1. Being modelled with pLDDT of 50 or more and not aliphatic (A, V, I, L, M): is that true of ARG26 here?
2. Do you know which of the residues in region 95-124 that are open to solvent by less than 30 Å² (accessible area, probe 1.4 Å) and among the hydroxyl-bearing types (Ser, Thr, Tyr) is modelled with the lowest pLDDT?
3. Take region 215-260 and flag every residue that is open to solvent by less than 40 Å² (accessible area, probe 1.4 Å), under 18 Å from GLY167 (Cβ atoms) and more than 19 Å from the chain's Cα centre (by Cα).
4. Filter region 178-214 down to residues that are β-branched (Val, Ile, Thr) and open to solvent by less than 30 Å² (accessible area, probe 1.4 Å) and give me whichever is nearest to ALA138 (Cα to Cα).
5. Can you name the condition, by its number, that TYR145 falls short on among (1) of a type in the set (Phe, Trp, Tyr); (2) at pLDDT below 95; (3) under 16 Å from the mean Cα position of the chain (by Cα)?
6. Could you please find all residues in region 152-177 being closer than 18 Å to SER258 by Cα and surrounded by fewer than 16 Cβ atoms within 10 Å (Cβ to Cβ)?
7. Of ALA78, ALA92, which residue is under 30 Å from ALA216 (Cα atoms), open to solvent by 40 Å² or more (accessible area, probe 1.4 Å) and at pLDDT below 90?
Amino acid sequence: MTDSPPTGLTERLAGRLGDGSYRRIRLSVDDSIATVELSNPEHRNAIDHDMHAEIDDVFAAIHRDGAIRAVVLTGDPAGKAFCAGGNFDWLAEQAPTGEGYSEILRVGTDLVRSIMGTRQPVVSAVTGAAIGLGCTIALLADVVYVGEDTVIADPHVGIGVVAGDGGAALWPMLVGPHRAKEFLMTGDRLTGRQAADMGLVNHAVPAGDVLDSAYAMAHRLAEGPRLAVEFTKSSVNLLMRQQLEQVLTASLAMEGLSFHSEDHRRMLGSMMR
C-alpha cells in the first residue's frame, strides 16, 4: 500500500482505526481501491456483534465515498481463515431470548444489505476457510476468488440449526435449488476448485495467487467506466436483492426457532462429548 495523503474515506476513518475504534476489521485505501480485512484472529475471524456493526459501518461509508472505485474484501492474508462463521459464544448468549435474537436478526440483515448495496464493485479474496456466515460474506461480493484447496461450506445443520444468515437465499441463485439444497441440508464441504466448477465462485487459483488475482480484477473494474460498471452491478443486483429480502428475514427467523430445538441441543451435546 502507498503512503498517499488521506482523502475522503481514508481521512474520515484513519483516525478511528488509529485510536482503536475499529476492533474487528482493518481498512486501507490505496489510490481508488479500498481493502477491508476481517480481523478477529483469535477466533478464526468469527463474526461477533462488533464485527457485524463494523462491516455494516465501513461498507456504508465506502458507498458514500466518491474517491473509492472498487473494494477488495479479505480475511487472514496468511490463509488460515477467511471467516469461520458466526461467533458461537455470542450467538449462544443472544439466541435464547426474543430480544436477543431480534438483535441477531437486525445485525444479520444490515450486514447483508450493506455489502450487497455498496455501489462500488466488491471483489472477495478467500485465502482461508469460509464457513457458514463467512461463506455468505464471501459470496456477497460481485467477483469471488478462492484458493484451489480452500474449504467452503455452510454447515449450520451440523449443529441442528437452519442455514438462515444468507445461505438459503444465495446458494440457490448461484448454483440452482437442487445443488443448493444438497449442500445446505448436508453441510458437506467443497474445495475452492469444486466451488468454481459448479459456479458458486468465479475463480479458483493457487493459494499464493488469490490476493494478486483479486487486486488485478479490482484495478480493472476501478479503471473501467464508473457509471457503466456501477449501474450494471446495480441492475443485476435488483433481482438478487429482491430474492434476498424475500428469503433472508424468514430464514433468519427460522434459524432462531431451530436454536430452541431438541435437535440443536442433541447435536451440541454430541459435539461436546
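The values are calculated or read from the model by the stated rules, or taken from the named source; none is laboratory data. All values reported here derive from a predicted model rather than from experimental measurement. Here the Cβ positions follow ideal geometry from the backbone for every residue, glycine too, while neighbour counts run over all protein chains shown. Quick note on the areas: whole protein, heavy atoms, side chains included, nothing else; ligands and nucleic acids left out. Shrake-Rupley method; radii C 1.70, N 1.55, O 1.52, S 1.80 Å.
1. Judged against the criteria, ARG26 is a match.
2. TYR101
3. GLY256, SER258, PHE259
4. So the residue we want is VAL201.
5. (2)
6. Once the filter is applied, which keeps residues that are closer than 18 Å to SER258 by Cα and surrounded by fewer than 16 Cβ atoms within 10 Å (Cβ to Cβ), region 152-177 yields only GLY158.
7. Sole residue among the options that is under 30 Å from ALA216 (Cα atoms), open to solvent by 40 Å² or more (accessible area, probe 1.4 Å) and at pLDDT below 90: ALA78.
A quick yes/no check of all residues on (1) out of contact with any Pro (no Cβ under 9 Å at 6 or more places or on another chain); (2) of a type in the set (A, V, I, L, M); (3) within 18 Å of HIS43 (Cα to Cα); (4) part of a loop (DSSP other than H, G, I, E, B):
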| site | (1), (2), (3), (4) |
| --- | --- |
| GLN120 | yes, no, no, yes |
| ALA130 | yes, yes, yes, no |
| VAL144 | yes, yes, no, no |
| ILE152 | yes, yes, yes, no |
